[in-house]
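Participant: I am attaching a structure below and will ask some questions about it afterwards.
The values are calculated or read from the model by the stated rules, or taken from the named source; none is laboratory data. None of these values were measured; they are calculated from a predicted model. Cβ: placed from backbone, ideal geometry, glycine included. Neighbour counts: every protein chain shown. These area figures cover heavy atoms from the full protein model, side chains too; ligands, DNA and RNA do not enter into them. Shrake-Rupley method; radii C 1.70, N 1.55, O 1.52, S 1.80 Å.
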Amino acid sequence: MSELSFEQMLEDSVKTIRNGEIVQGTVIDVKEDEIILNIGYKADGIITKSEYSNDSSVVLTEAVKPGDTMEVKVLKVNDGEGQVILTYKRLAAEKGNKRLEEAFENKEVLKAPVTQVLDGGVCVTVEESRVFIPASLVSDTFEKDLSKYAGQEIEFVITEFNPRRRRVIGNRKMLLVAARAEQQKALMEKIAVGDVVEGTVKNVTPFGAFIDLGGADGLLHISEMSWGRVEDPRKVFAVGDVVKVLIKEIKGEKIALSMKFPEANPWLTAAEDFAVGNVVKGKVARMTDFGAFVELAPGVDALLHVSQISRNHVAKPSDVLAIGQEIEAKVVEFKGEEKKISLSMKVLEPVAEEAPVEEATEE
């Protein structure tokens with residue numbers, strides 16, 4: 001029997017591998033752009049940075065260290081230079097696809113970081129498998145700028161799984177809507193008309209502000225923002241403000257709010273503050289042809305009739321008064337039940353003395 005050469009015995013002592021085979025390896029060196037593994041073959045295996053991860057920011061020397069064991073897939077047994085080219089990310093992606101398929105079938109909630117923000121949505125990565133979440137499914141409200149989600153870990157479900165077409169769609173909105181519905185149900189069970197609650201300003205419009213009560217939004221109409229007059233809600237509130245509000249009305253899922261707290265109602269002390277005979281100060285709030293309405297306190301207006309502005313003839317209030325002007329007047333009428341107060345500036349003016357009539361003298 002012929003003796004085997006040393007080279008033949010060496011070849012017989014190492015395993016054979018094939019393209020596409022999954023093998024175990026031990027890291028023997030890590031460079032900036034590649035990882036070198038001992039895979040029990042006559043040649044070492046090489047994983048380039050691009051075959052390690054889709055994340056270009058990954059630093060190989062920080063991610064892997066000598067002595068680590070890795071499961072990899074053979075791309076090429078011989079790259080032409082005697083090296084075995086391996087891939088880590090493709091094997092991870094295959095496992096990831098299987099994981100996504102299971103999650104899709106079981107309607108499982110997944111959690112993964114946002115690895116890319118696009119014009120039409122965001123991408124998350126699950127075990128090297130990419131999931132696309134369209135902009136319309138990222139949130140339960142419209143968001144023009146999705147950049148805040150970059151690097152953020154979010155929860156989602158897989159609503160479409162078609163790896164052959166490379167179409168794996170995630171949905172975060174579905175979870176937010178469901179959570180919101182639970183919160184709304186819990187909120188509705190514990191609030192009642194008359195309750196004072198705390199909320200956060202979510203949106204401000206010319207007619208009012210929408211307040212997030214922690215499960216449902218309530219509308220704080222411009223007319224309910226103060227006992228006084230509010231011209232523009234956007235000058236009073238900003239998104240993110242925390243406010244205390246009164247539950248004024250609940251109709252189904254609609255909640256009407258108010259900041260006109262009963263204990264702060266200025267009419268509670270109006271009979272004393274603006275009794276007939278009191279001389280008061282106020283600001284001209286608005287004018288008509290027949291008179292001017294003067295704000296004596298937030299929520300308390302009084303009528304200064306055109307005939308009571310001056311002892312001199314005044315054709316219309318705007319001839320002598322201006323919006324915002326502070327005036328002093330006397331209360332001449334108070335009707336608390338009707339919330340009507342009448343003023344007079346005329347009575348505070350001194351009465352002009354009549355010139356004496358000269359008697360005729362006889363010549």
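Participant: Do any trypsin sites (Lys or Arg not before Pro) in the stretch 93-143 lie in a DSSP loop with no more than 11 other beta carbon atoms within 10 Å, and if so, which? Walk me through the numbers before you get to the answer.
Facilitator: Working: sites: LYS95, LYS98, ARG99, LYS107, LYS111, ARG130; in loops: LYS107.
Of the trypsin sites (Lys or Arg not before Pro), the ones in loops of the stretch 93-143 whose Cβ has at most 11 other Cβ atoms within 10 Å are LYS107.
Participant: Go through PHE132, TYR149, LEU91 and say which Cα lies farthest out towards the positive end of the charge dipole of the stretch 67-191; charges sit on Cβ, +1 for Lys and Arg, -1 for Asp and Glu.
Facilitator: Of the listed residues, the answer is PHE132.
Participant: So how do LYS251, LYS235 rank on accessible area, 1.4 Å probe, biggest first, that is with the largest at the start?
Facilitator: Working: LYS251 135, LYS235 175 Å².
The residues order as LYS235, LYS251, largest area first.
Participant: What is the P(r) of the stretch 10-95, as percent of Cα-Cα pairs per 10 Å bin from 0?
Facilitator: 18, 54, 24, 3, 0
Participant: Now for a separate question. Treating cross-link reach as a plain straight distance, find the aspartates and glutamates whose alpha-carbon is under 12 Å from the alpha-carbon of LYS144, omitting any fewer than eight places away in the same chain.
Facilitator: Straight-line reach from LYS144, under 12 Å: ASP119.
Participant: Still on this structure, I have one more. Using the Karplus equation 6.51 cos²θ - 1.76 cosθ + 1.60 (θ = phi - 60°), what ³J(HN,Hα) coupling, rounded to whole Hz, does each residue of the stretch 35-46 give in order, writing x for Gly and Pro?
Facilitator: Each residue's phi maps through the Karplus curve to give 10, 10, 10, 8, 10, x, 10, 5, 10, 6, x, 10 Hz.
Participant: Please report the accessible area of MET174 (heavy atoms, 1.4 Å probe, ligands and nucleic acids excluded) in Å², nearest 10.
Facilitator: 100 Å²
Participant: Rank these residues by their accessible area, most exposed first, probe 1.4 Å: THR200, THR69.
Facilitator: Values: THR200 60, THR69 105 Å².
Output order, biggest surface exposure first: THR69, THR200.
Participant: Additional query: Going by accessible area, probe 1.4 Å, with all protein chains left in place, what is the ranking of GLU253, GLU51, GLU94, largest first?
Facilitator: From most accessible down to least: GLU253, GLU94, GLU51.
Participant: Take the alpha-carbon centre of the stretch 86-127, take the same for the stretch 270-293, and report the distance between them in whole Å.
Facilitator: Answer, in whole Å: 70.
Participant: Which value, in Å² and to the nearest 10, is the accessible area of ASP241 when all protein chains are kept and the probe is 1.4 Å?
Facilitator: Rounded to the nearest 10, that gives 60 Å².
Participant: Let me ask something additional. Rounded to the nearest 20 Debye, what is the dipole magnitude of the stretch 217-279 about its Cα centre when Lys and Arg each give +1 and Asp and Glu each give -1 at the C-beta?
Facilitator: Approximately 160 debye in magnitude.
Participant: Rounded to the nearest 10 Å², what accessible area does ASP301 have for a 1.4 Å probe in the complete protein model?
Facilitator: Looks like 40 Å² after rounding.
Participant: Something else now. Does the stretch 163-273 classify as rounded, prolate or oblate by the C-alpha gyration tensor (a ≥ b ≥ c root eigenvalues; a/c under 1.5 gives rounded; else a/b over b/c gives prolate, otherwise oblate)?
Facilitator: Prolate, since a/c reaches 1.5 and a/b exceeds b/c.
Participant: If a/c stays under 1.5 just call it rounded; otherwise compare a/b with b/c (prolate if a/b is bigger, oblate if not). Do that for the stretch 97-148, with a ≥ b ≥ c from the square roots of the Cα gyration tensor eigenvalues.
Facilitator: Numbers: a/c = 2.74, a/b = 1.72, b/c = 1.60.
Prolate, because a/c is 1.5 or more and a/b exceeds b/c.
Participant: Continuing with this model, one more query. Return the Rg/Rh value of the stretch 205-363, two decimal places, where both radii are evaluated on C-alpha atoms and Rh is the Kirkwood radius.
Facilitator: Working: Rg = 22.6 Å, Rh = 18.8 Å.
Dividing the radius of gyration by the Kirkwood radius yields 1.21.
Participant: Report, in debye and to the nearest 20, how large the dipole of the chain comes out about its Cα centre when Lys and Arg carry +1 and Asp and Glu carry -1 on their Cβ.
Facilitator: Working: 46 positive and 62 negative charges, 311 e Å.
For this selection, approximately 1500 debye.
Participant: For the chain, modelled as a GNM with alpha-carbon contacts under 10 angstrom, which of SER223, SER136, SER56 fluctuates the most?
Facilitator: SER56
Participant: Among rounded, prolate and oblate, which fits the stretch 183-230 when a ≥ b ≥ c are the square roots of the eigenvalues of its C-alpha gyration tensor, a/c under 1.5 means rounded, and a/b larger than b/c means prolate?
Facilitator: Numbers: a/c = 3.02, a/b = 1.67, b/c = 1.81.
Oblate, because a/c is 1.5 or more while a/b does not exceed b/c.
Participant: Here's a follow-up. Within the chain, which DSSP H helices have Cα atoms that stretch 24 Å or more along the helix axis and a mean Kyte-Doolittle hydropathy of at least -0.5? Could the numbers behind the result be given before it?
Facilitator: Values: long enough: 89-106 (25 Å, -1.46); 173-190 (26 Å, -0.20).
TM-like helix candidates: 173-190.
Participant: Which value, in debye to the nearest 20, describes the size of the charge dipole of the stretch 1-156 about its Cα centre when Lys and Arg Cβ atoms bear +1, Asp and Glu Cβ atoms bear -1, and nothing else is charged? Before the final figure, lay out the partial values.
Facilitator: Details: 18 positive and 30 negative charges, 56 e Å.
So the dipole magnitude of the stretch 1-156 works out to roughly 260 debye.
Participant: Okay, next question. Applying a 10 Å radius around every beta-carbon, put 328-336, 270-278 in order of their mean neighbour count, most first. All intermediate terms of the calculation are to be shown ahead of the outcome.
Facilitator: Working: 328-336: 15.4, 270-278: 13.3.
The densest-packed peptide leads the list: 328-336, 270-278.
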